[in-house]
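Data block below; observations after.
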Amino acid sequence: MRINLSVERQTGLGRICRITEWGTFPEPTDIQTPAYLTYTRVGHIPNITWDVYEKELKQNLKQRQVFQLTLGSFYDSLDAVEGIGIRDFCFMPKDSILHLTHHDSLKKIPANSNTTKSMALWAKAGRRSIDAKIYTKVLKMCQVHSFVGLNDFDTPLAAQRKRLGKSLFRTTEWNNEMMGIKSLDGHLDGLMMKKEHDIDETPFIPLGGGFSKEYRTLAVNNMNNLPYATAFAIDLWHVSQGNVDGKESFDQEVVKDLIGDVSMALPPEAPKLVEGAFDPSQILSLVKLGIDLFDSSYAILLADKGQSFRIGENYWKTGEFKVLDFKNDEFKEDMDLLYPDCGCHTCKTFKKAYIKHLIDTKELLGPVLLTIHNMTEFDRMKWTMLNWIGDMTGRVDNETKEEADYRNAREELTEWNSTFWTAHNQLFEKKKSEFIKMKKQKLGKLEQVSPADMSVFYREFLNERAEEFRKYNNEWYRRNFSLIFPAMKINWIRFCRLLKR
């Protein structure tokens, strides 16, 4: 089973896709991306019960919910889960779509804990080792609809090339073993032979490589050719706001350099997921790089710290958002509602001074109210991004003819660029399928073509397309240079308009 995703619109601000099937979930779905997975801990949205979710939160969330189950948070209770599944064990809603991931992104993830044969998982009782056999058993116990594959994730900035190579090799081998693919010669470039396996759920294949663009590209080349690789989880743990050892700050240019080409190289119909706690500005930058799915752990991170957030009016343009910290004394006598224009239960009912009191006295109601608001705002953030990508007009009030002409020219450029790459990707997939079919006929009993064979295809395909790429580059530069002078005129018009206000 796979996640059925179709691209509806591709722009410079990201892409809009529609998911109509989610792994082994038995009913059709209708989820537009960019979309979020709802972060849970021990099968619950932290700080609230399922009863509170049904009565006070669910009505505010327009998106069809996909619940992200963090294995580390309930691993020690798996014996009780067996036979009934995690949904019934945790009394989750009956229509829940369930996605399993390894780590609780808000809990400690220590370094230097993976081994050659197993991935480390940090549960309440400490370190646990997860290999292919154990993880397969876990999937059957939990009865989920999709999952993130095993990942040798420990690749911080200081990781050497040898360590990055080991990480890539281990991740590939672990997932091959799970999915019934065996390397005939024990190397990544060896031929693969398919065996029987018991996994029906859709895997999101981890794409790592640490802070090396070279190894990120190698990860794509190795994983993209595997028959079970239909969805991908791009590893950015070390730039998230979670509690992982070796964490670095999120630099948009660094992240763009690391995963921009990776995202473009993946098949258009493949969902792209980034897990971890990222703030609204960081999520917006990831969406612009083509990421389809992220999780809501940032909303819980703030609630746990006694904070709320609100995206700005120009969020879609600047990534602007504001955080209120109720540990600050400025709210001690503030009798205003939290956010008067927000329709959630918290904002319609409670004043800032009262929330400040709850946080100061460590009352359980404080994080409950902040979770209700933060999740509501997280959902609004998703729809704000989606609406802007879908509109893509960039109109302003009292638009002049020069502004309209410039906007239309930019839209035409974006549409032309999107059309070229859509056609290119479709041709690539068609030629790739034909090449694999031809090689399999020659190989006979071997069911899988090696990465070494595929490298021949990649070289030949790029050589055949060299003239088209030359024409594309020339046209791209021509169109962009033609917009420089109009852009200067528009900036002057808008500057003059600003002075008149």
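Please pick out the residue among THR49, THR136 that is among the β-branched types (Val, Ile, Thr), over 21 Å from GLU201 (Cβ atoms) and in the same structural domain as ILE205 (by TED's automatic domain parsing).
Working: THR136 fails: over 21 Å from GLU201 (Cβ atoms).
It is THR49.
Go through region 305-322 and give me each residue that's touching a residue at least 40 places away in the same chain (Cβ under 8 Å) and touching a Ser or Thr at 6+ places or on another chain (Cβ under 7 Å).
Those that are touching a residue at least 40 places away in the same chain (Cβ under 8 Å) and touching a Ser or Thr at 6+ places or on another chain (Cβ under 7 Å): ILE311, TYR315, TRP316, PHE321.
Of the residues that sit in region 4-14 and are assigned to a strand (DSSP E or B) and at negative phi, which one is surrounded by the most Cβ atoms within 10 Å (Cβ to Cβ)?
Within region 4-14, the match that is surrounded by the most Cβ atoms within 10 Å (Cβ to Cβ) is LEU5.
Of all residues in region 20-32, which are within 20 Å of GLN143 (Cβ to Cβ) and under 17 Å from the mean Cα position of the chain (by Cα)?
Result: TRP22, GLY23.
For residues that are in contact with a Ser or Thr (Cβ under 9 Å, 6 or more places away or on another chain), touching a residue at least 40 places away in the same chain (Cβ under 8 Å) and in a strand (DSSP E or B), tally how many sit in region 15-38.
Residues flagged as in contact with a Ser or Thr (Cβ under 9 Å, 6 or more places away or on another chain), touching a residue at least 40 places away in the same chain (Cβ under 8 Å) and in a strand (DSSP E or B) within region 15-38 amount to 7.
Quick check on region 262-288: of everything there that is in a loop (DSSP other than H, G, I, E, B) and in contact (Cβ under 8 Å) with a residue 60 or more places away in the chain, which residue is surrounded by the most Cβ atoms within 10 Å (Cβ to Cβ)?
GLU275
Tell me, yes or no, whether region 70-92 has at least one residue that is under 25 Å from ALA159 (Cα atoms) and not charged (D, E, K, R).
Checking region 70-92: at least one residue is under 25 Å from ALA159 (Cα atoms) and not charged (D, E, K, R).
All but one of (1) of a type outside the set (Lys, Arg); (2) assigned by TED's automatic domain parsing to the domain that holds TRP237; (3) farther than 20 Å from LEU370 by Cβ hold for ALA277; state the number of the condition that does not hold.
(3)
In region 21-59, what residues are under 14 Å from HIS99 (Cα atoms) and among the aromatic types (Phe, Trp, Tyr)?
Those that are under 14 Å from HIS99 (Cα atoms) and among the aromatic types (Phe, Trp, Tyr): TRP22, PHE25, TYR36, TYR39.
The values are calculated or read from the model by the stated rules, or taken from the named source; none is laboratory data. This one's a predicted model, so the numbers in the text were calculated from it and none came from an experiment. Glycine also receives a Cβ, built like all others from the backbone with ideal geometry; neighbour counts cover every protein chain displayed.
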